[in-house]
Amino acid sequence: MTAAVIVDHVSKRYRLYHERNQSLKASLLRGRRARYEDFMALDDVSFEIKEGTTFGLIGENGSGKSTMLKCMARILRPDGGSITTRGKVSALLELGAGFHPELSGRENVYLNGAILGLSRREIDALFDEIVDFSGIEQFIDAPVKNYSSGMYVRLGFAVAINVDPAVLLIDEVLAVGDQEFQNKCTDKINQFRSEGRTIVVVSHSLSSVGDLCDEAALIEHGHLVKVGPAAETIDHYLSEILSVDPATLGIARRSTGEIKLQGVELLSINGGAPDVVELGETVTFRFHYDVKESVESPVFGMSLTSSEGTLVTGTNSKEQGLSTKVSPGRGYVDLVVPRLLVAKGRYHVTGTIYDSTQKTPIHEVGNLHTFEVVEGALRTSGITSLGGVWRAGA
Ligand SMILES: Nc1ncnc2c1ncn2[C@@H]1O[C@H](COP(=O)(O)OP(=O)(O)OP(=O)(O)O)[C@@H](O)[C@H]1O
Ligand SMILES: [Mg+2]
């Protein structure tokens, strides 16, 4: 398989000056001797990212993730080693990176486009789509220094995805956008994945890295600690660096890749607001999956956890004798609940796919979906309703 990005023995040094808060007199007295220290933000890091895959970079604050992404985007030049990329690279880096504060949103779109090698005419052709995706049309002629962080990210992401990149780099920042925009970004990222583009994401959300990424690298104090399948890298990070037992966390840490859960859709007969269900209502949990290799009789499992973290209930498709073979492509299974009888509140859905023996989880996602139960005609105290029927005695 061809590599989209080759990181070859990359080192990056920052120079830290110690004189910032000293008086002019003190620095004059010291003469021209500079007081600085070299700091290795990246130290001899090598790995490869295969074309068409989604790759995660994880690690603690200050470990060097953003520095690595900036080197890939050619905003920073490594002091040692080299990075080879295949095809056009576009990036959504830390807030404001790549934007000139005094220029308007419009001017910044042209500036960024030019940096990415597009001609004025090419940007003209893309301009409307970029502004449309960003949703900040009203502010496009205002200087970006007056933008809110969400507006920055909207415009930055809109540019990054509309220039037809072969490799898309995304640094954390997407979390700044509101829910609606984040959903739009997730859809776009999924579209990019299915189009076979290469994506590199930096994130502190291990569940989204586990969910999105095929492989991941763990960086610690500028050193590469581990690179490999995302699930393994995440487990290593959890157990070796954060000292927590991965088994106690319900994040998407186990995935062998044949079949992946993509999301849950809640369908209710009454068709109220999305993700709001009335106590006692009939509701269908539709689990969408994407299959790479056929799986014989997978077992689908789901459990509900309350917002306080209490496991409320769980069930799986084998209990009900559902046996189905899944073939490559996308599909779904439904869990129909005739009367949803859990107390009002917010619930998180964990989704699991096991192989037919139920011993090996193929994919597990701890927070696949969140929904809200509200009281309507039916009320309850405690954590669940019995749903019983009262009858008058003789
Ligand atoms: N321009 C700079 N000058 C000096 N030091 C820098 C500079 N940029 C980053 N650093 C330092 O380099 C190290 C790595 O920074 P980097 O931003 O790559 O970390 P990160 O892994 O992205 O962290 P976070 O998770 O907090 O975003 C940190 O110690 C940081 O303080
Ligand atoms: Mg960073």
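The values are calculated or read from the model by the stated rules, or taken from the named source; none is laboratory data. Everything quoted here is computed from the prediction, not taken from an experiment. Positions of Cβ are generated from backbone atoms using ideal geometry, with glycine treated the same way; all protein chains shown enter the neighbour counts. Just the protein is used for accessible areas: all its heavy atoms, side chains included, with ligands, DNA and RNA removed. Shrake-Rupley method; radii C 1.70, N 1.55, O 1.52, S 1.80 Å.
Details
- Computed over the chain, the per-residue total of -39500 (n - 2.57) for DSSP H runs of n ≥ 4 gives a 222 nm mean residue ellipticity of -6500 deg cm²/dmol, rounded to 500.
- Solvent exposure of the range 81-208 as accessible area per residue, Å², 1.4 Å probe: 46 Å²
- Dividing the mean sequence gap of close Cα pairs (under 8 Å, 6+ apart) by how many residues the range 108-181 holds gives a relative contact order of 31 percent.
- Scattering curve values for the chain, log₁₀ I(q)/I(0), Debye with Cα scatterers, q = 0.11, 0.15 Å⁻¹: -0.93, -1.37
- Long-range HN-HN contacts of residue 312 with modeled amide H, under 5 Å: 304, 305, 306
- Solvent-accessible area, 1.4 Å probe, carbon plus sulfur percent, for the chain: 49 percent
- Nearby aspartates and glutamates by direct alpha-carbon distance to residue 188 (threshold 13 angstrom, same-chain neighbours under 8 apart not counted): 164, 180
- Solvent exposure of the range 259-374, expressed per residue, is 49 Å² of accessible area, with all protein chains present and a 1.4 angstrom probe.
- For the peptides 355-365, 53-63, the ranking by mean Cβ contacts within 10 Å, running from highest to lowest, is 53-63, 355-365.
- Of the residues 178, 211, 43, the one that moves most in a GNM of the chain with alpha-carbon contacts below 10 Å is 178.
- Whether the range 54-204 is rounded, prolate or oblate, judged on the alpha carbon gyration tensor where a/c under 1.5 counts as rounded: rounded
- Taking the DSSP beta bridges with both ends in the range 259-374, the antiparallel portion is around 95 percent.
- In the complete set of protein chains, residue-level accessible area for residue 102 is approximately 110 Å², probe 1.4 angstrom.
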